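No value in this document is a laboratory result; all are computed from the given coordinates. Model, not experiment: these values are computed from the prediction. We place every Cβ from the backbone using ideal geometry, glycine too, and count neighbours over all the protein chains shown.
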Amino acid sequence: MVAGVAPLWFSRAFGLLHVVGEFGELFRSGTQSFGGMLPYGGNHFVIQILDEFRDFLFQTFGGVGDGLTYACGSIFDFAIEVIHGSEGIISRDEGEVNGCRSTIDMGTLDYTILRAPLVIDRVSGMPFQRALLSWYDQHRRDLPWRQSRDPYRVWLSEIMLQQTRVAAAIEHYKEFLRRFPTVEKLAAARAASVLAAWSGLGYYRRARMLHAAAKQIVREREFPQTAATLRDLPGIGRYTAAAIASIAFNEPVAVVDGNVERVLQRIAGKRLAADDCWKAAAELLDASHPGDFNQAMMELGALVCTPRAPACLMCPVIEWCATRGELAREGKSARQTKKAIHFALHRRDGVVLLVQRARHASLMAGMWELPEIVEAVDGQQCAPPRFASRRSDKALANGDLLFTLRHAITVTDYTVKVWQGEVAECAGGKWIPIERLKTVALTGLARKILRKAEML
């Protein structure tokens, strides 16, 4: 009798292990394909497995089955908590949704599992995650915004790092927090004070949106805690919302910035459309450590998988990389335009003449800068682009050249010549005490000139 039962028990147990293995694989691909959450219907799958498992164990092992079922149920519950970080995320909806469906018959051990196709199907999730996070723990940079998961500080750093190098953002970040240590302080500040603190970072619309968002948060008396609700704030898009939600609130949502996009495309070995990049990032995401994983992906792109000459031999995930170097370039990069511009530095008795850009200007509205000198062309004065400071070619040639510096904005390289001398006071011009310059909302170029002149 024992000899007759053993083969049936063995075949069922072996088949059961196969089913559980497939279940674990569904967990992996499901949680990664859907931003750290099982697709709708996943909870029904778990309940079905446990119910069938209980019947199978009871029939095969008798009364011992209840104890084994309880133990296995605890393991499944623990796995769900680890993957999601909290309860209540998995839906109880049934049926085939998002390309995932499962049917199981424990009597015959027939099963069908359909999964949504992966964008990068050559990467094994958990080993990739472990390798990347282990590297990040050892090699991540000691940056001031990584010392806290306070949502205000995470948000501020993410806004500053848009279009700004890390090295340039560090001191501005510290100074900004000194002036506005909390979101309440920022909301209560004058716009001019916020712009002055932002001066030198460029792209001043970021500062205005940051200020507006702080006012909204204080008005609503709640800091949004999910990527979806964060996007309701001014100046916060998909990437910034995901970064704040994952780092500050541990929401299992992936991010895609320029660094992450480059890493994903090199792993895939091809150019990926924007939607595919986001899907691939979600597939690879470690949903139990989303903040660290997202930062690790960005750090990898910044330090190792760089745009030019990537350090592939130092890469912790090189075994999953299809490219192992740079992807073939598509088209030609935009050529830099060269342009010369001239500014007048007019100072006397502890004050300096500055002019304010129009408040409705498309760029750097309301910011302060030095008067620009407009050269004559064929004997005719050029119309000044921003204010009424005019000199002829002869007057310019006879002026005292203080210094020359370089300044770059997107695809334009400027040769900036700064001349000393008197200029007519012009519309929007004002004498500013030199001792107050640190509190004035200066353009980045004006700040660079004044520093060169040792006035800041």
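Can you pull the Kirkwood radius for segment 125-320, inverse mean 1/r over Cα pairs, to one decimal in Å?
Hydrodynamic radius (Kirkwood, Cα only) of segment 125-320 equals 17.4 Å.
If N is the number of residues in segment 129-185, what value comes out of its Cα radius of gyration divided by 2.2 N^0.38 Å?
Output field value: 1.28.
Distance check, please: which entries in 338/430; 215/448; 185/215; 215/430 exceed 20 angstrom between their Cα atoms?
338/430; 215/448; 215/430
Ranking 134, 288 by Cβ neighbours within 10 Å, fewest first, what do you get? Mind dumping the intermediate values first?
Numbers: 134 12, 288 17.
By the 10 Å Cβ count, ascending, the order reads 134, 288.
Using the number of other C-beta atoms within 10 angstrom as an exposure proxy, rank 363, 445, 264, 133 with the fewest first.
Fewest to most other Cβ atoms nearby, the residues stand as 363, 133, 445, 264.
Distance in nm between label sites at residue 308 and residue 121, each 7 Å beyond Cα in the beta-carbon direction?
Each label point lies 7 Å from its Cα, and together they span 3.8 nm.
Rg and Dmax of segment 191-290, using alpha carbons, in Å: what are they?
16.0, 47
In angstroms, what radius of gyration and Dmax does segment 245-327 have, counting Cα atoms only?
12.2, 35
What order do you get for 409, 244 when you list them from fewest to most C-beta neighbours inside 10 Å?
Ordered by Cβ neighbours within 10 Å, fewest first: 409, 244.
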